[in-house]
Amino acid sequence: MKKHSYKFIYKILLASALVSSVSCKKLVDVEPENQVDIVNHYQTVYDANAAVIGIYGQLQGIADRYIVLNELRADLISPTINADQYLRQLHTHTVTPDNPWADPKPFYKIIMNCNDALKNFDVMLAAKKLTQADYNERYADINAVRCFLYLQLGMHWGSVPYVTDPLETVESLKDESKFPKLTFNDLLDKLIASMEPPRSLEGYSATSSTGSSSTSLNTTVDGYPTNLFFVEKRSLLGDLYLWRGRYTDASRMYRYVTETGYRNGGGGNDASFWQYKPNYSRFLVTYTQGGNENTLLDDNTNANSWRSIFGNPTQGTETSSEWIWTIPFDRNFAPVNPFIDLFSNQGGRYLLTASKLALNNWDSQLQSNNFVGDARGKMSVRTINGQPVIAKQLYYYLNNAFIPVNVLQRQGRWLLYRAATLNLHFAEAACRDNQVKVAYALTNVGVRETYNSVFPGTGTVPSDVTNIMQTQAPAPYDMDGRDGAVPYFKGPWYRQIGSRSRANLPRLDPGLYQNNQVANMEDAIINEDAAELAFEGQRWGDLLRVSLRRGSTTYLAQKVRAKLDLEGNSEAANAYNKLSTTNGVYLPFRL
Amino acid sequence: MALLLVTTVLSACKKQWDDRTAAVDQQLDKTVMQQIQENGNLSTFSGYLTKLGYDKLLAGSKTYTIFAPTNQALQGVDQTIVNDTAQLKKFVNNHIVAQVYLTNAAQAGLRIRTLGGKNLSFNTTTVDEATITTPNLYVKNGVIHVIDKAIPPKMNISEYIRSLNGVADMHKAYILRQDTTFIDTSKATVQSYDPRTGKPILVPNTGVVNVNKYFNRVASLANEDSTYTYFVLTDAAYDAERNKVSKYFATVTNSTDTTMNILAAYNVLKDVAVRGSIAPTGFNALASVNNVTVPASQGAIVQSYRASNGMVYVVNSMPFDIKQKITPVIIEGERPSFFARTDANGSIFYRSRRDDKGVTLKDIMIGTTNTLPANFFAAYKLTNLYTCQYRVVVRAVNDINFSAPTDIVESFNFGQITAPVVGSNGTIVPNDVVKFPSQRIGPVLVNGSPFVNYEELTLPTPANRSATNVAGSNPTSTATAANTIGLTGGNFTVTKRTSVNMYVVGANSTTANANNVTFDYVKLVPIIQ
């Protein structure tokens, strides 16, 4: 009986297959009316633009992953009591293969879309559907996004398959014979090669036409200027060089980006200095009444306050001097801001908070006026309802009393790269390129003061600055910070004051550069990274990069152990042992 | 044929089918009540349970742990308890605990709550003072532990103190005086609502909650869930300790009155409670709930009682160290009450600093500008000072880096609180009586360099603490009989318990930096005589 029925069904299927295959032929020829076939998707520049915007939209979808992996695995963020076992595993470096955060697929999914878009840009260019100029901009941009994603993969999984072919699904990657894994360094070489000239390093050109007729991606969408949505390629390429140990190349990139404002302003014109990317005297730790600790300028909108880097509601000349790559989360469009859920204890799940180590780092500082603690700590982490809350990502969501304006309106900003990041990466590259004094100037008080001929003394600086206030080092370290009245000089770097001065911290020991202490200077830069860029997704990269450079991951392992030890976590010793091996720092790669 | 086959199969199955829910362990067919009734040695306890109607409760579906005393153990129970249902219920309730506790779950420190609300200490072989002779008789709705001794409900510490008679009357009377009541509107019955305000009108005498103010402030001795060791002082010990401190609470100058005794009594009794239940062998280095050393000794114990929430010892001596009872008063610089003028905020700075030992301090710095009026002061209201002589100790961090180290010269003055008198120039005129004028607080020169002084200085400041090597001036007083403060042998003296103002005053100058005021704290150290 059963056999009969199977045969019966089989016959029916066979018959219907025959019927349908005959009758399908006509159907296939009919174009669907409400769907675009894949081969017809890329027709005009608008379609190419849609692909670019779509990819950036997907990129926003991994913002939480970016922060969680880069911070929770490092030493500045710890899970709260609300965190689940998977977050705890990242914290203690006991990640099991089923941990959703350790899944590289979300990265590869976007990479596949990048690959597909890039292939189709080629097709469009060949079919003359895209001008060479439009093609150059879009291709370079999506290629850079792909490099950014691969850099993240390399940082967390070590050896990963490097795929540039458009594949239909991520599943196809599982075939290791077709897609062998590259070592991290080989991967970096490939990424650098794909970004270097002749590939364009410029951003999208501005256009005078706006609205629906504009073909440019450099425009305004939903009230947000788009020029900072897109990855800043020179900074990214600089980072790739920095990872690969090509310090001079890295510095060349960083310096170029830092002088953007000077170049755009044609030099000399003081107004254009506002668009500088060096750390200058804006976004400060400052007191409205000097010497009164209660008067710390702690404000979202005042560009003199360090906090307004994270809370300034408008992208203007001031914020554009600090922000380099930033994507807004808005209550009116998807995707939803994931940071509220991760960090906020009001309207969020409050899964992550600052580690004790991070708080201790700030508390152990003394400011220039001897106030206790680095004030950036007070503005990065706030005590709300008795709990320490990471506030950097919440300033758009909370009002001035630190209560949500509206728990259902989760606006925010994903700040991926800013002038402080650039400045400290530049310092790191210079330090390793044996330009310790340049690194010292960038980190501390700026070129103008460090090279003023009396520094570190406090004597009178000569009024003729023709031959001082400049590094007089070989390119790309030949920075000019001259600031003189007679003869008149305003060098491109004259307003730069360094990361620590901006934060009202005293300068580091001048012995660092006087005795050419490269490793100590590097330590100081990484510590400054922790204070300035905490919770912004830089920390794991900073620690791993230095560790790999030093040929031993114990540097990273010690930092993580210190975090766990301070919280009395019994996994501290195990985590240290695991992270001390180069393979131990990477997550299990499972597709 | 087929039908026959089916019926055969069915009938054969029947037995097995009925057994499917049968418990393998016969023990699990019984209820707690049945198990007790079956055991002939528990018949007396069983009789109590039946008398109280608990047989139905214990035959039900809720689970219980029963500590069942044997017939022998219950022989000594007073017949008045057995005959009085209310008392018997209290007695039996203390043997029954909701939920199952097997002895393998027992551990030191585990206290389980009985139906009567008291807690029992449950260990592997004992429960309170009784020994478990037959443990873990488990049945379907609970477990029975047979014990060799009845566990009558104990008094808690509060109940025990109230039951004392003729041994510590003064201590007991103090605690009874602290009993009070308030109306908890959420527990009261609402009679109606006021049509005008919408507020509820309560039925009188409903929602009344009894509290004891002393328990609220010191230790919740009536709470069954927190354990304390409590020392009750005999009248002689109470008198001796109170007399030691009463002179520091003079509310009428040179006299004793009731208020003074009440204040002194609180000062003594705030330190007779210790956390945890401590045996006399553990009487060393005890710290009270307010962190004062409790000088308890085994030899002083007159009687002791194991209460349901800790230990009570009646002691005939408790020689407190008076220095721990009459402690220094610390006035923080960063918490001023008011200033000479209300328009000088631009010259007032609150700072944090790290001292030479790495400890963070917060202080106040007034001045550094040339807009400050002469004799500008910050005032601090001091309440409830002990009546005694004080050494005045100051810690001030003068670390403004002047090109040449400059002394800060400031005065520390004390006066009665009166309505502020505002002078013609808009500056409040301080009503100061006792003055420590022109105190010099460094920085000192060490090998020609300014040296920031983090040490405490006793006023008047010594010469070696100033850049110009000049000592602070000796104190002066204009106190009359009407004042409650004064000067005795160069020490600041409080003669009656009152609140006073302390003024920290800058120099009589308007030159920038010459009239600065700064200090971290002032410490008034009582001189114990």
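The values are calculated or read from the model by the stated rules, or taken from the named source; none is laboratory data. Here the structure is a predicted model, which means the values were calculated and not measured. A quick note on method: Cβ atoms are made from the backbone with ideal geometry, for glycine too, and the neighbour counts reach across all protein chains shown. Surface accessibility is based on the protein's heavy atoms, side chains included, excluding ligands, DNA and RNA. Shrake-Rupley method; radii C 1.70, N 1.55, O 1.52, S 1.80 Å.
Quick look at the values:
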read-out	value
Inter-label distance, nm, simple model (7 Å from Cα along the C-beta direction), B:T371/B:S61	7.9
Length added when fully stretched, B:Q79-B:I528, from 0.36 nm per residue minus Cα-Cα	155.8 nm
Segment A:T295-A:T94, extension gain: residue separation times 0.36 nm, minus the distance between their alpha carbons	67.9 nm
With DNA, RNA and ligands ignored, accessible area of B:R497 (1.4 Å probe; Å², nearest 10)	50
Of every Cα-Cα pair in the stretch B:329-526, the percent that sits beyond 30 Å	17
For the stretch A:39-230, alpha-carbon Rg over 2.2 N^0.38 Å	1.14
Interchain or long-range residues, amide H under 5 Å from A:Q470's placed H	A:G481
Placed amide H near A:L366: partners under 5 Å, 5+ positions off or other chain	A:G373
Using alpha carbons only: equivalent-ellipsoid semi-axes of the protein assembly as shown, gyration tensor based, whole Å	65, 57, 26
Where labels lie 7 Å past Cα in the beta-carbon direction, separation of B:N474 and A:D165 in nm	10.2
Segment B:Q34-B:N205, extension gain: residue separation times 0.36 nm, minus the distance between their alpha carbons	57.0 nm
3J(HN,Hα) from dihedral phi, the stretch B:164-171, Karplus parametrisation 6.51/-1.76/1.60, rounded to Hz, x for glycine, proline	5, 9, x, 10, 8, 4, 5, 4
Prolate/oblate/rounded call for the stretch A:293-420, Cα gyration tensor, a/c under 1.5 rounded	oblate
Sequence-distant residues sharing a close amide H with A:F489 (under 5 Å, placed H)	A:G484
Axial C-alpha extent at least 27 Å, average Kyte-Doolittle at least -0.5 - helices from chain A (DSSP)	A:2-29, A:105-126, A:132-157
The stretch A:111-180 versus the stretch A:474-521: alpha-carbon centroid distance in Å	40
Cβ neighbours within 10 Å from other chains - mean over A:362-369	2
Partner chain coverage, peptide A:284-294 - average Cβ within 10 angstrom	3
Cut-off of 10 Å, at most 12 other beta carbons, DSSP loop: longest stretch of chain A lacking such GluC sites (Glu not before Pro)	A:203-591
Heavy atoms of A:W323: accessible area, 1.4 Å probe, square angstrom to 10	0
Chain A: C-alpha pair distances exceeding 41 Å, %	28
Rounded to whole Hz, the Karplus (6.51, -1.76, 1.60) HN-Hα couplings of the stretch B:346-363, x for glycine and proline	x, 10, 10, 10, 9, 10, 10, 9, 10, 7, 5, 9, x, 8, 6, 10, 10, 9
In nm, spacing of pseudo-spin labels at B:T181 and A:A485 (7 Å Cα→C-beta vector)	8.4
Per-peptide average of other Cβ atoms within 10 Å, ordering B:486-496, A:432-442, B:123-133 highest first	A:432-442, B:486-496, B:123-133
Cβ-Cβ FRET estimate between B:T103 and A:R550, R0 fixed at 60 Å, reported to 0.05	0.55
The stretch A:395-412 - phi-based ³J(HN,Hα) in whole Hz, Karplus 6.51/-1.76/1.60, Gly and Pro as x	5, 7, 8, 9, 8, 5, 8, 6, 10, x, 4, 7, 5, 8, 10, 9, 6, x
Trypsin sites (Lys or Arg not before Pro) restricted to the stretch A:153-233 and DSSP loop, no more than 10 other C-beta within 10 Å	none
Subset of B:K56/B:K187; A:K119/A:K181; B:K30/B:K89; A:K378/A:K578; A:K178/A:K233 violating a 27 Å alpha-carbon distance limit	B:K56/B:K187; A:K378/A:K578; A:K178/A:K233
Shape category assigned to the stretch B:192-333 from the gyration tensor of Cα positions, a/c cut at 1.5	oblate
Average beta-carbon neighbours from other chains, 10 Å sphere, peptide B:359-366	2
Rounded to 10°, Cα long-axis angle of helix B:235-246 versus longest principal axis of chain B	30
Peptides B:505-514, B:518-527 ordered by average Cβ neighbours within 10 Å, highest first	B:518-527, B:505-514
The stretch B:23-147 - share of DSSP beta bridges that are antiparallel (%, nearest 5)	70
For the stretch A:39-230: relative contact order, % (alpha-carbon pairs under 8 angstrom, 6 or more apart)	20
Ratio of Rg to Rh over chain B (Cα coordinates, Kirkwood Rh, two decimals)	1.20
Solvent-accessible area, 1.4 Å probe, carbon plus sulfur percent, for chain B	52
